[in-house]
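The values are calculated or read from the model by the stated rules, or taken from the named source; none is laboratory data. Keep in mind that what you see is a predicted model, and the values were worked out from it rather than measured. Every residue, glycine among them, receives a Cβ derived from its backbone with ideal geometry; neighbour counts consider all protein chains shown.
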Protein chains: 2
Amino acid sequence: MTAAQIARDVIDRLESGGFAPGQRLVEADLCLRYAAGRQIIREALQHLNALGIVALEPNRGAHVVHVSREDAIMTLELTELLFGLVSRSAARRIAAGADASRLDAAIDELMQSSQSDDRALYMRARRHLFGALSQIAGNAELSRIMDQVRVHAMRAQFGFADFRKGHAQELAEIGHTVMAGDSANAEEQARKYVRSIREALQQL
Amino acid sequence: MTAAQIARDVIDRLESGGFAPGQRLVEADLCLRYAAGRQIIREALQHLNALGIVALEPNRGAHVVHVSREDAIMTLELTELLFGLVSRSAARRIAAGADASRLDAAIDELMQSSQSDDRALYMRARRHLFGALSQIAGNAELSRIMDQVRVHAMRAQFGFADFRKGHAQELAEIGHTVMAGDSANAEEQARKYVRSIREALQQL
DNA sequence: AACCCCCGGATTGTCGACAATCTGTTGACA
DNA sequence: TGTCAACAGATTGTCGACAATCCGGGGGTT
């Protein structure tokens, strides 16, 4: 197993509650769990540290960082901006003739997975949708940032009740607006989508 | 020397032209340059990879990624949004009573260093100013993202003629608006500042 | 000359061992 | 009983060595 795969798995476990905030991540334990050498584990931990998911104190080891509600709200504020920008850029690109097939496929995948009970499947479909949007938007830097922020946004939402069916529908609609090349509406819909999540979180 | 310090130094060299885009970064060479073990060097390279500054191909080593003009322009688009958000948030926080002393000090440092001929000094002062703004804005996630994007924004501007004196003045004014707690104007000034750089770049 | 196989040098990837550091506990002492 | 220092166990940090992989060149064949 490579360091990137391990980091990915840790993130998945965070999103599904397998690792708790504040939990210590001891290298030796992870070595056993993933049957990997310490080198690989350290690499993965440093990657997670760069993503801001894990804190790495010298000689003290790694632990999952805690996300306060204020953090969550501000992360969603940031997500609103970025998701809006990505959607607008992608729509503009498509209007200019960019290939939309990957986005189309991602929308299908999302709608199908939202019917299933497999949460991991849905999460992956979601990732693919955002990935397709980022890719179409055509800026590597923006994609990179979006990837990072999305993980934090997922953590910010963690614990919410079932946000699946309705949100899948809403996301699909955003995808369709992007495919239609309507950049202004795509941005507004994307921002509204994130905003509604943030406001729900604020009223808790 | 720690991995973080080495990564910092590599970034500085990029900003001052010491490392060229596309240049290979061979571990053994860096070991000699920084008198460090390979472990440390690899750590630094992975950190730079996470920042999107160097590409890391398996078994092929690391090289400095190339920044196309389109990339630079879209990075500055992103920077405009983020710098605006940071400035607005910081101003709001200060209006609500947050401590502004660090920002005040950073503005002084910037103005002083802009008189000097030491480019590295000016760059550090700039970093401190943005750091102070991020810190006052009060969201760790946003700070993290800003740190990353700022490095890319610097690279995007690289090669520009002397952008120091006028820009230092403009940055200081933004800082003062933030300290006055005027969030709307702070955001607009910050965005305008980045926008003017982007537009100058577009007309090349 | 064009093509392909194979090899040597250079470089990266991984492992095991040891040193450095931290944490909690024990026991002496006021 | 409360405090402090030393110790033991656990954990992280670093080094050196070796294995795996890639790249360019040499020689043979068609």
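Quick notes on this one:
- With respect to the conditions (1) more than 11 Å from DNA strand C (Cβ to nearest atom); (2) small (G, A, S); (3) assigned to a helix (DSSP H, G or I), A:A28 falls short on a single one, namely (1).
- Count - residues of the range B:52-64 that are surrounded by fewer than 19 Cβ atoms within 10 Å (Cβ to Cβ), within 11 Å of chain A (Cβ to nearest Cβ) and of a type outside the set (G, A, S): 2
- Filter result for the condition that a residue is out of contact with any Lys or Arg (no Cβ under 7 Å at 6 or more places or on another chain), hydroxyl-bearing (S, T, Y) and surrounded by fewer than 21 Cβ atoms within 10 Å (Cβ to Cβ), over B:S183, B:S114, B:S196: B:S196
- Of all residues in the range A:10-22, at least one satisfies being part of a helix (DSSP H, G or I), modelled with pLDDT of 95 or more and either within 16 Å of DNA strand D (Cβ to nearest atom) or touching a Cys at 6+ places or on another chain (Cβ under 8 Å) (or both).
- Which listed residue, of B:T75, B:T2, is among the hydroxyl-bearing types (S, T, Y), within 12 Å of chain A (Cβ to nearest Cβ), away from DNA strand D (no atom under 16 Å from the Cβ) and under 27 Å from A:L48 (Cα atoms): B:T75
- Residue list for the range B:9-26, filter: surrounded by fewer than 13 Cβ atoms within 10 Å (Cβ to Cβ) and touching a Gly at 6+ places or on another chain (Cβ under 9 Å): B:G17, B:R24
- In the range B:105-142, residue farthest from the chain's Cα centre (by Cα) [restricted to those that are among the polar types (S, T, N, Q) and within 14 Å of another protein chain (Cβ to nearest Cβ)]: B:N139
- Within the range A:31-64, being more than 23 Å from the chain's Cα centre (by Cα) and away from DNA strand C (no atom under 12 Å from the Cβ) holds for A:L32, A:R33.
- Among the residues of the range B:1-30, those identified as over 20 Å from the mean Cα position of the chain (by Cα) and among the polar types (S, T, N, Q) are B:T2, B:Q23.
- Taken over the range A:27-38, the criterion of being loosely packed, with under 13 Cβ neighbours inside 10 Å and under 24 Å from B:I40 (Cβ atoms) is satisfied by A:A28, A:G37, A:R38.
- Any hit, the range A:87-96, residues being within 16 Å of DNA strand C (Cβ to nearest atom), crowded, with 16+ Cβ neighbours inside 10 Å and either over 16 Å from the mean Cα position of the chain (by Cα) or not assigned by TED's automatic domain parsing to the domain that holds A:M146 (or both): no
- Every residue from the range B:44-63 that is at negative phi, within 16 Å of DNA strand D (Cβ to nearest atom) and not in a helix (DSSP H, G or I): B:A55, B:L56, B:E57, B:P58, B:R60, B:A62, B:H63
- Meets criteria (assigned by TED's automatic domain parsing to the domain that holds B:R198 and hydrophobic (A, V, I, L, M, F, W, C)) for B:I73: yes
- Any hit, the range A:31-41, residues being in contact with a strand residue (DSSP E or B) (Cβ under 6 Å, 6 or more places away or on another chain), more than 7 Å from DNA strand D (Cβ to nearest atom) and at pLDDT 95 or above: no
- Of the candidates B:A28, B:A35, the single residue that is at negative phi and not assigned by TED's automatic domain parsing to the domain that holds B:D118 is B:A28.
- In the set B:D71, B:D104, B:D99, only one residue is closer than 22 Å to B:A186 by Cα, assigned to a helix (DSSP H, G or I) and of a type in the set (D, E); that residue is B:D104.
- Cβ-Cβ under 6 Å pairs, at least 6 apart or on other chains, the range B:22-35 side charged (D, E, K, R), far side surrounded by 15 or more Cβ atoms within 10 Å (Cβ to Cβ): B:R24/B:H63; B:E27/B:I41
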